[in-house]
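Chemist: Handing you a structure now.
The values are calculated or read from the model by the stated rules, or taken from the named source; none is laboratory data. As the structure is a computational prediction, the values presented were derived from the model and not from experiment. No Cβ is skipped: glycine too gets one built from the backbone with ideal geometry, and neighbour counts run over all protein chains shown.
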């Protein structure tokens, strides 16, 4: 019996507004909101369901986690205004809370390892990157300059040292 | 088999247990309820824990380990380890991947192992007192503990042979001990000044609901610091007198610290204290030089003042987070031995404008709360009924979810073709190389995939669940000004006519069908655990006014939890003929009564959880002070054209630069279809459970590929290592208490 109800909750979970989820009117006062959240917590806190099978317990946890997020948004006056606006625009609630587009996560490119990836220091990494790019273009002098900057931060980096030897050899060759 | 609550403190450890609805703080064979958190390795091979080990500090500081809690979950390069190396006489070295090692009598121990010795002794004390096996426990930690420290504490518990049911925040435990069974509505400030750490936690208590509003802490502020200040003054006095600095010898310094602690404690009840330490050094002709040192309370207060001041800075921080003023609190609770200092009490009273609660033993209140939580979590019958979801109050969505969509991802058994749960990054990386992309089936979690793509569910057949007709499709949410906007009050029609069957009522009923806590609160017994008092009569004068609530929550049917609780209480084993003198005297009043459901704790995460972004910066996924359990998703994109793999590196803290925060670990998502940079989006989801344990997953919404992992925390032992530590612990010979 309960299981069906849990499934029904999961099916509508992403579609419910935070107001509906917590069971408060749109103009609920902070006190009403808090009270509703406490009632919600009594029903859905995973600790109140320790006797359930694992999958049901996790499903209830998921409902509760939506509730804490909803409470966080509605509890904060600024976030609540933002949320109300997104509702008025018809933006799905779940997207409204995560719409900000973020800078890219640091990646580790596959294939041949890049010099940059061997560099631990965040400061040195851009230098290593440009050194490698410049070396590829054959601009050995500039590459050496960039690389020595990188080496200042990581004097023990073997990959930097290796590239440095390579560049030095090229520069020697150019002189000749 | 009993479950216990353990307060693993910097200075002392306390173990408590709920028996027949009452909390008992368990004492050792001699009735002592504080177990010093000290481990000493004796030359004869014995491992001493507790009082005997503490006594060894003064004579064998090199092989006596105290304050291990300060070090748990810290890395070799952390400032805390630097401090410890300067401060303690025992030897430490950098371990291979599992954090620092402690070297004593030629053997190496990990920090969780040292913690485990203390926990094992606590477990033995409990087993002797209760007369039965103890295999499960709730262990408390300071609220400001980060993920690594929590994980290390959990490892310590497991090495000691305990299943750790929950890592619970100490101030929250204290609130539980104070508030459960009162049934009141109060705003509480917990001022937790312990031996090594300080925490300020603010909560709302509402019947059986404990909502943490904010917490702030200082990991470097504790009673030890006051001891050090006194010891410094002693050393200065000796130096002036005899031109010898006792600090030059760590063993002597350890003696000074112990004497300093005594002086400090004496001055909590007296105005003057004096110590006489013999043979601190040897003078001309081998004459021994003694240290005679006196201190007045006024002088001590002057020395203590800066530390107390810092504690209020932290408290202010918590207040700011909660956007509250000191005047808005009904109660202040003091926790931790340092809160016994009269100056601290006075300052707390001035700060909050009311005298703090002083009826509870600040040393024991945390263990009592832990025991209550342990009992509540092991109540096997806990299954609150869930009312149907509200219908028709939703935001628009593209497609209706299927059951497989709705099913929690983590309940799926990991198939061999999936990037699976709970695996090391290395394994994942290996899989990425060995399995061709095309062999991955469309993941079950992708929107719109049918249930058949779901991997087998655990125990229940999904078909049963799928038979349930889904609620009406979601309708578009009207704008706030629209007259068609359904008010939530409309969702709350009458209560079910048959109160005895609250589960299955017409689908329009909201969930608010559980017993409303405030109205019940007046019938709740005013029992305060930890205080030997008779439950207060119904309608005690301290009862507050009911909560203002315009939302008409229907009057509830009898709470299912109360029944569950009855079962819980009756399911407890009959009282064993335990040696009564080991149980705390006098027995405390019942914490669980039949009219009072078990507690619901809504705690917060003390630090933000962040993801590294390009350029060494970071973005917050879960902010500081977020209520847990919680879950948040953020969308990131790739940094390079044609990037196939993203690495989600996770840290904890509020610094803008990634490296300024505590690095936790990483999750990798591979098989991203090649696309220009910025065009691919990667959904990163953080899921924090009630322990504060983090699960991180990354998904590519276009392909549905998913990488999911419990972060393999840096410096935290892997399963195999825990198992071998546990083996070592079992063969380490007897632990000598005494």
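Chemist: Can you tell me which residue in the stretch B:618-639 is modelled with the highest pLDDT, limited to those that are over 28 Å from residue A:59 (Cβ atoms) and within 7 Å of another protein chain (Cβ to nearest Cβ)?
Modeler: Only one residue tops the list, namely B:619.
Chemist: Continuing with the same structure: Can you name every residue in the stretch B:13-53 that is touching a helix residue (DSSP H, G or I) at 6+ places or on another chain (Cβ under 9 Å), under 20 Å from residue B:371 (Cα atoms) and not in a loop (DSSP other than H, G, I, E, B)?
Modeler: B:13, B:14, B:15, B:16, B:17, B:18, B:19, B:23, B:24, B:25, B:35, B:36
Chemist: Considering each of B:204, B:227 in turn, give the residue that is within 14 Å of chain A (Cβ to nearest Cβ) and surrounded by fewer than 24 Cβ atoms within 10 Å (Cβ to Cβ).
Modeler: B:204
Chemist: Could you list, in sequence order, all residues of the stretch B:121-143 that are under 30 Å from residue B:628 (Cβ atoms) and surrounded by fewer than 23 Cβ atoms within 10 Å (Cβ to Cβ)?
Modeler: Step one: of the stretch B:121-143, the residues under 30 Å from residue B:628 (Cβ atoms) are B:122-123, B:126, B:134-143.
B:135, B:136, listed by residue number.
Chemist: Of (1) under 30 Å from residue B:293 (Cβ atoms); (2) not in a helix (DSSP H, G or I), residue B:190 satisfies all except one. Which?
Modeler: (1)
Chemist: Given the conditions (1) at pLDDT 85 or above; (2) within 30 Å of residue A:33 (Cα to Cα); (3) over 23 Å from the mean Cα position of the chain (by Cα), report the number of the one that residue A:134 does not fulfil.
Modeler: Every condition holds for residue A:134 apart from (2).
Yes/no matrix, rows are residues, columns are (1) more than 7 Å from every other protein chain (Cβ to nearest Cβ); (2) buried (at least 24 other Cβ atoms within 10 Å of the Cβ):
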{"residue": "A:8", "(1), (2)": "no, no"}
{"residue": "A:16", "(1), (2)": "no, yes"}
{"residue": "A:31", "(1), (2)": "no, no"}
{"residue": "A:52", "(1), (2)": "no, no"}
{"residue": "A:58", "(1), (2)": "no, no"}
{"residue": "A:70", "(1), (2)": "yes, yes"}
{"residue": "A:73", "(1), (2)": "yes, no"}
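Chemist: Then there's this: Would you call residue B:308 within 26 Å of residue B:348 (Cα to Cα), crowded, with 17+ Cβ neighbours inside 10 Å and at pLDDT 90 or above? Step through it out loud before you land on a result.
Modeler: On the way: within 26 Å of residue B:348 (Cα to Cα): yes; crowded, with 17+ Cβ neighbours inside 10 Å: yes; at pLDDT 90 or above: yes.
It is true that residue B:308 is within 26 Å of residue B:348 (Cα to Cα), crowded, with 17+ Cβ neighbours inside 10 Å and at pLDDT 90 or above.
Chemist: Can you tell which of B:659, B:695 is at pLDDT 85 or above and not in a strand (DSSP E or B)?
Modeler: Values: B:695 fails: not in a strand (DSSP E or B).
Exactly one of B:659, B:695 is at pLDDT 85 or above and not in a strand (DSSP E or B), namely B:659.
Chemist: For residue B:101, work out the one condition from (1) free of Cβ contacts under 8 Å to residues at least 12 places away in the same chain; (2) crowded, with 17+ Cβ neighbours inside 10 Å; (3) within 23 Å of the chain's Cα centre (by Cα) it doesn't fulfil.
Modeler: All conditions pass for residue B:101, except number (3).
Chemist: Within the stretch B:95-120, which residues are assigned to a loop (DSSP other than H, G, I, E, B) and more than 15 Å from residue B:42 (Cα to Cα)?
Modeler: Going through the stretch B:95-120, the residues assigned to a loop (DSSP other than H, G, I, E, B) turn out to be B:95-100, B:105-106.
Residues satisfying the conditions are B:95, B:96, B:97, B:98, B:99, B:100.
Table: residues versus (1) surrounded by fewer than 11 Cβ atoms within 10 Å (Cβ to Cβ); (2) farther than 14 Å from residue B:230 by Cα; (3) touching a residue at least 12 places away in the same chain (Cβ under 8 Å).
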| position | (1), (2), (3) |
| --- | --- |
| B:256 | no, no, yes |
| B:259 | no, no, yes |
| B:262 | no, no, yes |
| B:269 | yes, yes, no |
| B:273 | no, no, yes |
| B:279 | no, yes, no |
| B:283 | no, yes, yes |
| B:291 | no, no, yes |
| B:295 | no, no, yes |
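Chemist: Among all residue pairs at least 6 apart or on different chains, which show Cβ distances below 8 Å where the first residue, located in the stretch B:307-330, is within 23 Å of residue B:222 (Cβ to Cβ) and the second is in a helix (DSSP H, G or I) and modelled with pLDDT under 95?
Modeler: From residues that are within 23 Å of residue B:222 (Cβ to Cβ), the pairs are B:307/B:225.
Chemist: Here are the criteria: (1) at pLDDT 75 or above; (2) outside any helix (DSSP H, G or I); (3) away from every other protein chain (no Cβ under 12 Å). Tell me which single one residue A:128 does not satisfy.
Modeler: For residue A:128, the failing item is (2).
Chemist: What's the number of the only condition in (1) buried (at least 21 other Cβ atoms within 10 Å of the Cβ); (2) touching a strand residue (DSSP E or B) at 6+ places or on another chain (Cβ under 8 Å); (3) in contact (Cβ under 8 Å) with a residue 60 or more places away in the chain that residue B:9 fails to meet?
Modeler: (2)
Chemist: If I go through the stretch B:599-625 residue by residue, how many of them are part of a loop (DSSP other than H, G, I, E, B) and buried (at least 21 other Cβ atoms within 10 Å of the Cβ)?
Modeler: First, pick out the residues of the stretch B:599-625 that are part of a loop (DSSP other than H, G, I, E, B): B:599, B:605-608, B:623-625.
Next, from what is left, pick out any that are buried (at least 21 other Cβ atoms within 10 Å of the Cβ): B:599, B:605-607.
Here the count works out to 4.
Chemist: Taking the stretch B:640-667 only, how many residues are within 23 Å of residue B:700 (Cα to Cα) and more than 8 Å from chain A (Cβ to nearest Cβ)? Can you show your working first?
Modeler: Within the stretch B:640-667, the first condition is being within 23 Å of residue B:700 (Cα to Cα), and the residues that meet it are B:640-651, B:664-667.
Right, trim to more than 8 Å from chain A (Cβ to nearest Cβ) and you get B:641-642, B:650-651, B:664-667.
Qualifying residue count for the region: 8.
Chemist: Quick one: residue B:302 ticks every box in (1) surrounded by 19 or more Cβ atoms within 10 Å (Cβ to Cβ); (2) part of a helix (DSSP H, G or I) bar one, so which box is it?
Modeler: (1)
Chemist: Could you tell me which of the residues B:232, B:218 is surrounded by fewer than 22 Cβ atoms within 10 Å (Cβ to Cβ) and without any contact (Cβ under 8 Å) to a residue 24 or more places away in the chain? Walk me through it before giving the result.
Modeler: Details: B:218 fails: without any contact (Cβ under 8 Å) to a residue 24 or more places away in the chain.
Answer to the check: B:232.
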